[in-house]
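What follows is a single structure, written as structure tokens, with notes after it.
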Amino acid sequence: MKNIAILGATGSIGLNTLDVISRHPDQFSVFAASAYSNWKGLLQICNDHLPSFAVLGDEASAEKLRRVAPSGVEVLFGKDSLDEIAAHPKTDFVMAAIVGGAGMSSTFCAAKAGKRIMLANKESLILGGDLLMNLAENSGAKIIPVDSEHSAIFQCLEGGRDGLSKIQLTASGGPFLKTSFEKLATATPEQACKHPNWKMGKKISVDSATMMNKGLEVIEASFLFGLNASQIEVIVHPQSIVHSFVYFDDGSVLSQLGLPDMRSAISYALSYPGRKSSGVRQLDLTKEPSLEFKHPDMKKYKCLELAYEALEQGKSAPGTLNAANEVAVEAFLKNKAGFLDIPKIVEKTLREVTCRNLDTLGGVVENDQLSRQVARSFIGSDD
Ligand code: NAD
Ligand code: MG
């Protein structure tokens with residue numbers, strides 16, 4: 001029996017994880033679950049799974065949950081509690097499914113404590129990739145990617161990486177694949193969050209529409225698989241059936257296919273090195289539309305270009321890119337910035353914030369805060 005801590009349990013990845021876990025009650029147990037302010041969602045999870053710990057973002061929400069939580073569930077709140085749960089001696093696996101930079105600290109704690117990290121929170125790697133990979137190596141923590149493309153590559157590399165020449169991350173192109181660049185100026189949050197293939201949280205949905213998500217994934221892949229920018233390509237594949245490609249020197253190309261359902265990658269991360277049923281329907285390619293592949297339009301998807309630039313620059317640039325993007329996406333979701341302002345805010349922030357070495361977690365946090373502050377100053381500015 002493995003004890004699982006699900007950080008971000010009420011979100012899209014969190015709920016899919018609970019779904020997979022429920023199918024194997026003799027193998028996995030929900031040891032802890034967290035949410036930010038959604039205490040009612042967390043109450044439901046407590047009733048269904050009886051975790052030992054439930055963690056909320058603030059004291060007021062925790063108090064509301066405490067009054068109605070089933071006995072045996074200890075209700076905690078705050079960032080420090082997330083860190084403690086991630087490193088708790090009884091935690092075996094941590095599902096890192098908090099959205100954004102807020103997920104970094106607990107991921108680092110899990111890495112320090114040598115846990116299996118099922119990594120959905122790509123932002124942890126974008127912010128402090130080298131530090132996180134080093135921590136994991138020193139403690140023996142195993143990072144298993146949950147992002148579908150990275151899970152695909154991880155699975156393709158299980159047979160070894162001898163002769164690997166490059167990888168190609170597939171991208172759906174998001175809801176605006178067929179929308180003209182001019183029309184993007186008036187795109188609304190509702191339109192941007194309507195992803196054609198995947199049902200996800202709002203932030204990653206907007207990132208998919210701008211293709212910043214793919215940009216962040218290029219950086220994520222670089223840290224996870226030790227590749228440089230020139231070895232990581234992006235290819236648009238609107239059907240989201242092929243989850244990425246690995247190219248080898250002998251002309252072979254390996255890939256992993258499946259229906260666009262995150263439970264496959266989650267189940268793999270839980271079951272590795274084995275496999276367990278996930279509830280995902282079998283793929284029947286004779287019943288799917290033809291699979292298409294094309295190069296991304298870098299002018300339309302400026303965020304993707306900026307992400308490559310940040311990766312090539314290295315040091316603190318990916319962290320700055322991520323911070324500026326989080327600020328810009330939040331402003332867009334609140335109708336305080338237009339869709340095309342997102343790349344503008346990110347670009348201006350990257351130019352403004354000095355790129356520097358990040359040797360400590362403190363340095364990562366400082367750069368994140370500074371970059372957010374600079375990005376905020378560009379909201380509403382027209383130049
Ligand atoms: P979501 O918005 O649906 O859920 C986010 C979860 O994090 C919720 O439980 C929420 O309560 C919690 N949370 C939000 N802000 C928090 C904060 N400040 N402190 C603590 N907890 C907080 O997001 P999601 O779509 O499940 O994505 C989660 C992560 O997984 C993201 O990093 C995303 O990039 C990644 N990811 C998601 C998908 C997907 O299909 N949804 C695919 C690949 C990767
Ligand atoms: Mg992905």
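Please report the relative contact order for region 262-358, taking Cα pairs under 8 Å with a sequence separation of at least 6, and give it as a percent rounded to a whole number.
So the answer I get is 23 percent.
In deg cm²/dmol, rounded to 500, what helix-only [θ] at 222 nm does the chain give when every DSSP H run of at least 4 residues adds -39500 (n - 2.57) and the total is split over its residues?
Roughly -14000 deg cm²/dmol at 222 nm, from the helical runs in the chain.
Pairs of Cα atoms under 8 Å, at least six residues apart: use those to get the relative contact order of region 250-302, whole percent. Walk me through the numbers on the way to the answer.
On the way: 20 pairs, mean separation 15.1, N = 53.
The value is 28 percent.
Taking amide H positions as placed in the peptide plane 1.01 Å from N, state which residues far from V353 in sequence (5 or more) or on other chains have amide H under 5 Å from it.
Sorted by chain and number, the residues that satisfy this come to none at all.
Pull up all non-local amide H partners of V75: gap of 5 or more, or a different chain, and H-to-H distance under 5 Å with H placed in the peptide plane.
So V75 has HN proximity to A54.
If you filter region 249-330 for GluC sites (Glu not before Pro), then keep DSSP loop positions with at most 11 other Cβ within 10 Å, what is left?
Sparse-neighbourhood loop GluC sites (Glu not before Pro): E292.
Counting alpha carbon pairs within less than 8 Å and at least 6 residues apart, what relative contact order, in whole percent, applies to the chain?
Relative contact order for the chain comes out at 14 percent.
Using θ = phi - 60° and the Karplus form 6.51 cos²θ - 1.76 cosθ + 1.60, what ³J(HN,Hα) does each residue of region 71-77 get, whole Hz, x for Gly and Pro?
Couplings: 5, x, 9, 8, 9, 10, 8 Hz.
Charges only on Cβ, +1 for Lys and Arg, -1 for Asp and Glu: so what's the dipole of region 124-203 about the Cα centre, in debye to the nearest 20?
For region 124-203, the charge dipole is close to 400 debye.
Along each of the three principal axes of the Cα atoms of the chain, give the extent in whole Å, ordering the values from largest to smallest.
So the extents along the principal axes, rounded to whole Å, are 56, 49, 40.
Would you grab the residues whose amide H sits under 5 Å from the one on K276? Only those 5+ places off in sequence or on another chain, please, with H modelled 1.01 Å from N.
When sequence neighbours closer than 5 places are left aside, there are no close amide H contacts.
Which loop-located trypsin sites (Lys or Arg not before Pro) does region 251-290 contain, where loop means any DSSP state but H, G, I, E or B and the Cβ has at most 16 other Cβ atoms within 10 Å?
The qualifying sites are R275, K276, R281.
Between their Cα atoms, which of K199/K336; K142/K194; K79/K344; K199/K334 are more than 29 Å away from each other?
K142/K194; K79/K344
Loop-only check: which trypsin sites (Lys or Arg not before Pro) in region 125-185 are DSSP coil with at most 10 other Cβ within 10 angstrom?
Qualifying residues, ordered by number: K178.
Please list, in order along region 174-187, the HN-Hα scalar couplings obtained from phi with the Karplus expression 6.51 cos²θ - 1.76 cosθ + 1.60 (θ = phi - 60°), rounded to whole Hz, x for Gly and Pro.
x, x, 9, 3, 9, 8, 5, 4, 4, 6, 4, 4, 9, 4
Bear in mind that the values in this text are calculations on the coordinates, not laboratory data. None of these values were measured; they are calculated from a predicted model. Heads up, the Cβs are rebuilt from the backbone with ideal geometry, glycines too, and the neighbour counts pull from every protein chain shown.
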